[in-house]
Amino acid sequence: MQRRIILLGLALSLAGGAASGQSFGRWEKLGQREVALRQDYDVIHVGRSEGFFRQIKLNVKHNAVTVERLTVVYANGVHDDIPMGYLIRPATDSRVIDLRGKDRQIRRVEMILKSVRNGKGKAVVELWGRR
């Protein structure tokens with residue numbers, strides 16, 4: 001019984017921390033880009049004031065997009081090339097991508113996109129980060 005009370009207290013304190021506005025673990029939108037489906041390269045610029053992140057993911061809206069590769073460029077000029085190579089359907093997220101090293105300040109994310117066969121219109125690609 002005492003163990004249940006301790007676990008309940010721990011769960012309530014964690015919920016209280018999330019409700020108090022702590023951003024650790026929450027996904028934050030870092031930017032978005034409307035991309036033409038026949039385009040093969042695009043960039044999402046991240047503001048300098050956004051801070052440091054340990055993980056990123058993409059969310060796609062309106063049309064599917066095949067992302068071949070991402071290049072994450074950090075504020076210090078170092079970059080990570082991240083192979084992706086898969087289709088992201090509308091209203092879904094990419095896999096979660098762990099950034100190498102400690103928390104990293106992102107300057108921009110460059111995307112290599114593969115043409116979508118019979119693709120018409122545009123898609124919106126959102127970049128999300130987690131601290």
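The values are calculated or read from the model by the stated rules, or taken from the named source; none is laboratory data. This is a predicted model, so every value here is computed, not measured. Heads up, the Cβs are rebuilt from the backbone with ideal geometry, glycines too, and the neighbour counts pull from every protein chain shown. Ligands, DNA and RNA are excluded from the accessible area calculation, which covers all protein heavy atoms including side chains. Shrake-Rupley method; radii C 1.70, N 1.55, O 1.52, S 1.80 Å.
For the stretch 80-122, the candidate set comprises residues that are within 15 Å of Asp42 (Cβ to Cβ), assigned to a strand (DSSP E or B) and modelled with pLDDT under 90; within that set, the residue that is least open to solvent (accessible area, probe 1.4 Å) is Leu113.
Those residues that are part of a strand (DSSP E or B), open to solvent by less than 50 Å² (accessible area, probe 1.4 Å) and over 15 Å from Gly129 (Cα atoms), I need them from the stretch 67-79; list them, please. Passing the criteria: only Val67.
Residue-level analysis places Gly17 outside the set of residues that are at pLDDT 75 or above and not hydroxyl-bearing (Ser, Thr, Tyr).
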